[in-house]
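Since the structure comes first, as structure tokens, the remarks are kept for the end.
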Amino acid sequence: MAAVAYVRVSSEMQAESGAGLAAQRTAIDNFAARSGLTVAAIHEDAAISGAKGMEDRPGLMAAVAQLRRGDVLLIAKRDRLGRDQMAILLIERAVARRGASIMSADGVGNGTDPGSVFMKSVIDAAGCYERDLIRARTKAAMHEKRAQGVRVGDVPFGWEVGADGLLIAVESEQLVLASIIECRELGMSLRQIASTLNERGILTKKGRSTWYAATIKSILDRAKSMAA
């Protein structure tokens, strides 16, 4: 029986170190040897979230495309397929349409008996729960840092980073920021605000002379987040 292997890590750090990908390959090779499977190819998606669908994962797309009837899509663990139950369901359907099946090197959820089907549903749900938990913790941590005046991500319009790493208000940008907020409160559209700033010749944070509606939205969203 032929197998097409698929490995995935979600962060750039994991992708650069190669540790996560290497461990998955080892698990897949060992399982294949024990099970009499011949690994025809191995495809990978590095630094790609498990919440993304097939269309956003070139490695997975290539792996599924290579499957033939009777083949196996071999993964190290069930959560390597993804951390979104709908996305996983679509992957399973795509594999089934090619007459192939999915196997996990850890042996959990392999098979079509009721017990295996139940275990797969539990693992998929647990993966989604873990993803949502991480997102919630990250959001809370970022909110706390912003509340303390610590820079998170790009420096927001109206501020600059001081020597101590904290945000310091830039008076000239704060005046523009106040004007943007006032215009929005008066009912002006994002496009209208951008046009007004362009007409005044006011420069963006990066020193550009052209403002866009998306830029205005980003500034307003960031200001709202910092004020929360």
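The values are calculated or read from the model by the stated rules, or taken from the named source; none is laboratory data. Quick caveat: nothing in here was measured; it's all calculated off a predicted structure. Heads up, the Cβs are rebuilt from the backbone with ideal geometry, glycines too, and the neighbour counts pull from every protein chain shown.
Give just the number: which of (1) surrounded by fewer than 21 Cβ atoms within 10 Å (Cβ to Cβ); (2) within 16 Å of the chain's Cα centre (by Cα); (3) assigned to a strand (DSSP E or B); (4) not aliphatic (A, V, I, L, M) does residue 8 not satisfy? With (1) surrounded by fewer than 21 Cβ atoms within 10 Å (Cβ to Cβ); (2) within 16 Å of the chain's Cα centre (by Cα); (3) assigned to a strand (DSSP E or B); (4) not aliphatic (A, V, I, L, M) applied to residue 8, the lone miss is (1). Put simply, of 74, 89, 81 the only residue that is crowded, with 22+ Cβ neighbours inside 10 Å and over 10 Å from residue 4 (Cβ atoms) is 81. Does at least one position in region 128-149 carry a residue that is touching a strand residue (DSSP E or B) at 6+ places or on another chain (Cβ under 6 Å) and at pLDDT below 85? The answer is yes, given that some residue of region 128-149 is touching a strand residue (DSSP E or B) at 6+ places or on another chain (Cβ under 6 Å) and at pLDDT below 85. Would you check if there is a residue in region 169-187 being more than 16 Å from residue 224 (Cβ to Cβ), among the β-branched types (Val, Ile, Thr) and not in a helix (DSSP H, G or I)? For region 169-187, residues more than 16 Å from residue 224 (Cβ to Cβ), among the β-branched types (Val, Ile, Thr) and not in a helix (DSSP H, G or I): present.
For region 35-43, the count of residues that are at pLDDT 95 or above, surrounded by 15 or more Cβ atoms within 10 Å (Cβ to Cβ) and under 20 Å from the mean Cα position of the chain (by Cα) is at least one. Summed over region 200-225, the residues that are in contact with a helix residue (DSSP H, G or I) (Cβ under 8 Å, 6 or more places away or on another chain), assigned to a helix (DSSP H, G or I) and buried (at least 16 other Cβ atoms within 10 Å of the Cβ) give a count of 5.
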